[in-house]
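One structure below.
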Amino acid sequence: RVAITAGGFQRMYRWFLFWMYEMRFFIMFMLANKRVPLMGRLHGAIQNAVHNQMRKHIRKTVKDPELAKKLTPTYPMGCKRITPSDSYLQAYNRDNVELETDGIESFTKTGIKTKNGTERQHDIIVYATGFDLIGSVNAFEIRGKDGKILSEVHGDAPTAYLACTHDVCPNFFMIGGPGVVLGHNTVIYMGECQMTYIRSGLEYMLLNKIKSVKLKESSHQSYQEWVKYTMQNKVFEGDRYCQGWYRNKRGINWTFWPSNLICFWWNTLRFDSENYDIVR
């Protein structure tokens, strides 16, 4: 006889969700590899099946066929942020909800004027245009070695080694830095992995009586080359399929971790002192 406690069941359920979402990365975010014909065709068939299922869901949920067509994305899933909801599509079936796809020309005293010349009156306007990612990364001034200001080093495409540290700042660690965003699983686990890495680094410094650690510039550069290479063949890489807040005006996606969570867990298991300049 096998008894599973409530805590054990919760752990099993959490692992089920984790692996289910990890599979979403391989199925949806990685583009089919045409260089491997058999696997590429299989991968492409699975992706098409998922996209067709989602299109079918939209058509089934939204009663107006023309409206359902407007609400159906023309880009691959994952190119923009996936926002699951039990009420968003259903809201368009209400009489007091309307979808306007024309661009905004200007705000007026009583509402909004669209580019086709139509003026609409509104009591309340929710100005929700996205995130200020550069502002959040550079929330306060950080000065590193030789007085370098980290925000100036970042420019319009901030970088961080494992989204955790930078080569201009000695003894500097952070959680949720550039390159930590996910589209398929929980970013909370990314933070947990980063905490493991930071704790390992602090333990290394204390046990070895080290005054300072600073990421090597060469290690940071090699890491960024790996990120750029790994970002290839992903739906969120650049502006090829769509535009969104993941990328800057030059089409560079500096916000995303380019691989799966298992890869990030593996790379943050221990503090890799060989990639740091050590001062004792």
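The values are calculated or read from the model by the stated rules, or taken from the named source; none is laboratory data. Quick caveat: nothing in here was measured; it's all calculated off a predicted structure. With ideal geometry, Cβ positions are generated from the backbone for all residues, glycine too; neighbour counts draw on all protein chains shown. All accessible areas refer to the heavy atoms of the entire protein, side chains included, with ligands and DNA or RNA removed. Shrake-Rupley method; radii C 1.70, N 1.55, O 1.52, S 1.80 Å.
Under the condition of being surrounded by 12 or more Cβ atoms within 10 Å (Cβ to Cβ) and assigned to a loop (DSSP other than H, G, I, E, B), the residues counted in region 101-110 number 1.
The residue that is farthest from TYR246 (Cα to Cα), among those in region 147-163 that are part of a loop (DSSP other than H, G, I, E, B) and in contact (Cβ under 8 Å) with a residue 60 or more places away in the chain, is LEU162. Would you check if there is a residue in region 203-218 being of a type in the set (Val, Ile, Thr) and touching a Cys at 6+ places or on another chain (Cβ under 9 Å)? For region 203-218, residues of a type in the set (Val, Ile, Thr) and touching a Cys at 6+ places or on another chain (Cβ under 9 Å): absent. Restricting attention to region 90-111, the residues being modelled with pLDDT of 95 or more and aliphatic (A, V, I, L, M) number 1. Of all residues in region 21-76, those satisfying the criterion of being closer than 18 Å to TYR241 by Cα, open to solvent by less than 80 Å² (accessible area, probe 1.4 Å) and part of a loop (DSSP other than H, G, I, E, B) are LEU31, ALA32, ASN33, THR72, PRO73, TYR75, PRO76.
Close Cβ contacts (under 9 Å, 6 or more residues apart or on different chains) running from residues in region 110-130 that are closer than 27 Å to TRP245 by Cα to residues that are part of a loop (DSSP other than H, G, I, E, B) and open to solvent by 100 Å² or more (accessible area, probe 1.4 Å) comprise GLY111/ASP123. Within region 111-146, the only residue that satisfies the criterion of being assigned to a helix (DSSP H, G or I) and over 31 Å from the mean Cα position of the chain (by Cα) is ASP146.
Close Cβ contacts (under 9 Å, 6 or more residues apart or on different chains) running from residues in region 191-209 that are over 13 Å from LEU269 (Cβ atoms) and free of Cβ contacts under 8 Å to residues at least 40 places away in the same chain to residues that are of a type in the set (A, V, I, L, M, F, W, C) and open to solvent by less than 30 Å² (accessible area, probe 1.4 Å) comprise GLY191/VAL180; LEU202/PHE271; MET205/VAL213; MET205/PHE271. Those helices (runs of 4 or more DSSP H) of region 183-280 in which at least 1 residues are charged (D, E, K, R), considering only elements entirely within it, cover 187-207, 217-231.
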